[in-house]
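The next block holds one structure in the form of structure tokens; read it before the comments.
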Amino acid sequence: MRASTTSGKIKSKIKLKQELAFDAQAFLDSSGVARKVREFKRAAAVYSQGDAAESVLYLQSGGVKLTVVNEVGKEAVVAILGPGDFFGEGCLAGQPVRMGTAAAITSSTVLVIEKNEMFKVLHEEHSLSDRFIKFMLARNIRIEEDLIDQLFNSSEKRLARTLLLLARYGKEDQPHGVLPKMSQETLAEMVGTTRSRVNYFMNKFRKLGFIRYNGGLQINTSLLSVVLHE
């Protein structure tokens, strides 16, 4: 019963995200010129920590990693974003500079919306503003879940949950999600453990058939059993 309930919750979240998807093409076709589409190669910076915060960004395709570096130079991965995610929205709340760095983890297409244009559209297009607000609330819930996961779950469970989320677990047409290419060091930073521990658990997951390497890292939905295991 618990496995079915948890699986249903994850699928419901992804279904909600699909329903809230931003119609980027319709936005591009609408009046106004304060928006543009940019292409980024793997490892290219979309923006860097300390840059002026002057736009909101929408990831159309590919993947983006958000990181923060503290005063002593230690870097932490804040999030891995996929198609359909907004980022850089801090400028709407008066954030003058970027608090972290956004870098492409694979070839990516990003819609860049100038801050003033975003304000205008949010005021005039109620359907977009509703979707944007729901998206932000859903992401806040995700952040809370990440914190709870970090506080109470083992590194093995945290890694399993991270892999499932990165693979967009729950899409009906993708029983085996394929992850964007990333290093074990990046996974270790996201999970909050060491690279050697990530390597140990990844080998364990592979032997159990939860993951496989075939033109990329493929995640089997059976990995959910690790998350649900007491």
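The values are calculated or read from the model by the stated rules, or taken from the named source; none is laboratory data. Bear in mind the structure is a predicted one, so any value in this text is a computation, not a measurement. Neighbour counts are summed over all protein chains in view; Cβ atoms, including those assigned to glycine, are modelled from backbone coordinates with ideal geometry. All accessible areas refer to the heavy atoms of the entire protein, side chains included, with ligands and DNA or RNA removed. Shrake-Rupley method; radii C 1.70, N 1.55, O 1.52, S 1.80 Å.
The accessible area of Ser127, taken with all protein chains in place and a 1.4 Å probe, comes to roughly 60 Å².
In order along region 68-81, phi translates into HN-Hα couplings of 9, 10, 7, 5, 9, x, 7, 9, 10, 7, 8, 6, 10, 9 Hz, rounded to whole numbers, per the Karplus curve 6.51 cos²θ - 1.76 cosθ + 1.60 with θ = phi - 60° and x for Gly and Pro.
Region 42-107 has equivalent-ellipsoid semi-axes of 18, 16, 9 Å, by the square roots of 5 times the alpha carbon gyration tensor eigenvalues, sorted largest first.
For a paramagnetic label modelled on Asn116 (point 7 Å from Cα along Cα→Cβ), amide N atoms under 14 Å away belong, within region 50-64, to 54-55. By accessible area, using a 1.4 Å probe on protein heavy atoms only, region 77-118 has 56% of its surface on carbon and sulfur. Once the chain from Ala52 to Asn140 is taken as fully extended at 0.36 nm per residue, the excess over their C-alpha distance is 29.3 nm.
I'd like to check one number: the per residue accessible area of region 83-230, probe 1.4 Å, reported in Å² as a whole number. Display every interim value, and only then the final one.
Values: 7860 Å² over 148 residues.
Heavy-atom accessible area per residue stands at 53 Å².
Under the criterion of Cα pairs below 8 Å and six or more residues apart, the relative contact order for region 111-216 equals 17 percent. Solvent-accessible area of Ile148, all protein chains in place: 100 Å² (probe radius 1.4 Å, heavy atoms, ligands and nucleic acids excluded).
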